[in-house]
Structure formats: structure tokens, C-alpha cells
């Protein structure tokens, strides 16, 4: 009996993702969805990147970032934080950032959900923990995020004791200028402040204390009211 042959589309669907593959966003997502055992794969500038097992050098800092960003979102209705969400930025870029913060579309945000539940467009803020991925996070991903219009891009390099908070300014990323000694503040999310020195000195309690203090300011209250007003329109 002759062996059954697969249609071209079935062959493409069955072909697994491999690091270094050159694909478009549609084909990348088709293959990724067919591999539920894969926890993280990204398409950056048309090239597939597959993650290696996660070491504590990444996992522990990542946990601090998720707590910091998640607590802000909980106290700021109209925003939402997400962990490892697949984001459709464009035909050659489908990243899965470590953390992101977005303004809900009904509150004036620039991102929405597509019919499959993926984020479509550029979230306002993205965070990457670059323990072993500095070469990608500070080069190819930076270019992709900048071109897509991600307003704020934060990169923590724990192995180097370095934290970069970049803000989009006339199509270029520039260092965040909204600073006070040891603290960085978001220009687009009032109340979102990061005690960078405490973060780098492994003092997460101080990181959360500073955040909590900033979320009690009139600027944060006004931002929450602004988001609520837009949602009612």
C-alpha cells in the first residue's frame, strides 16, 4: 500500500521550530502553536530564538520584576501587567518579553488583543531580564521594540550589575531622565518608580517600599482618574 502523503500546509505545520530559522510572523505562530511543549520561542527581526533552561540567575531577578510591575498594575486600574506574553509586533517580530505593562485599549492604550488572544501592537512598557541574552536584548530586540513604538524599554543585566531604562524619544531610545538619587520614574506611568540602587543591592523590600510611596502621590491618583474617565466614554 502506498504511503499517505501530506499536503504542503500539513508539512509546514508539522515542521518544528529551530533556533536560527528565518520565518515570517504567521508561519512562526503556526509552528509555535503546534508545539505546546515549548515554553518560550521568539521571532526577532525574522529569526527564531529558542530559550534554554532557566537558571536562577534569571529566575530570581525575574520574580522581583514581576512582583514590582504586578503590584503597580493591581493598584492602577486600566493597566495590566503580563508575564511571558507573546506579542505580535509586526511581520518579522513576535517576541515573548519577560514582563510588560500595557494600558487597556478602552482606556486609550496602543495595544489590543487579536482574535486568538495574542497582544497585537506595541505595549507601552517592556522589561527584559538579560542574564544570558544581553546580545539579543540590547541589539536585535531593542531595534524591534524601537521600530514598533514600545515607549519604555527596561533591561536588567544582573550578571553585570546594570539596569537600563530607555524611553522612546523621536524614534530613538534615550536614557530615562526622570530620576532622583537611586530612583527611576516612568514618564508614561505616573507612580511607577524603581529604586535601582536597592534593586542592584538585592533589597526587594526597599524596591516595593519606594513603589508604594510613589503610588500614594497626587500624580498617580490623577492618572488613575484619567484612565477611568477614558473607559467611561
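What follows is calculated from the coordinates using simple rules that are stated; it is not laboratory data. Keep in mind that this is a model prediction, so the values were computed, not measured. No Cβ is skipped: glycine too gets one built from the backbone with ideal geometry, and neighbour counts run over all protein chains shown.
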**OP:** Would you mention how many residues in segment 140-170 are in contact (Cβ under 8 Å) with a residue 60 or more places away in the chain, crowded, with 18+ Cβ neighbours inside 10 Å and part of a helix (DSSP H, G or I)?
**Re:** 3
Subject >> Top-ranked residue of segment 38-59 - restricted to ones that are in contact with a helix residue (DSSP H, G or I) (Cβ under 9 Å, 6 or more places away or on another chain) and free of Cβ contacts under 8 Å to residues at least 24 places away in the same chain, ranked as farthest from residue 206 (Cα to Cα) >> reply: 38
Original post:
Listed residues 137, 62; which is without any contact (Cβ under 8 Å) to a residue 24 or more places away in the chain, more than 28 Å from residue 230 (Cβ to Cβ), assigned to a helix (DSSP H, G or I) and in contact with a strand residue (DSSP E or B) (Cβ under 9 Å, 6 or more places away or on another chain)?
Top reply: 137
**OP:** State all residues of segment 105-119 that are under 22 Å from residue 186 (Cα atoms), in contact (Cβ under 8 Å) with a residue 60 or more places away in the chain and either surrounded by fewer than 19 Cβ atoms within 10 Å (Cβ to Cβ) or in contact with a strand residue (DSSP E or B) (Cβ under 6 Å, 6 or more places away or on another chain) (or both); if no residue qualifies, say none.
**Re:** 106, 108
**OP:** For residues that are outside any helix (DSSP H, G or I) and either in contact with a strand residue (DSSP E or B) (Cβ under 9 Å, 6 or more places away or on another chain) or closer than 16 Å to residue 101 by Cβ (or both), tally how many sit in segment 202-213.
**Re:** 1
Subject >> Subset of segment 120-134 [assigned to a strand (DSSP E or B) and surrounded by 20 or more Cβ atoms within 10 Å (Cβ to Cβ)] >> reply: 125, 126, 127, 128, 129
Original post:
Which number in (1) in contact (Cβ under 8 Å) with a residue 12 or more places away in the chain; (2) assigned to a helix (DSSP H, G or I); (3) under 20 Å from residue 101 (Cβ atoms) marks the one condition that residue 226 misses?
Top reply: (1)
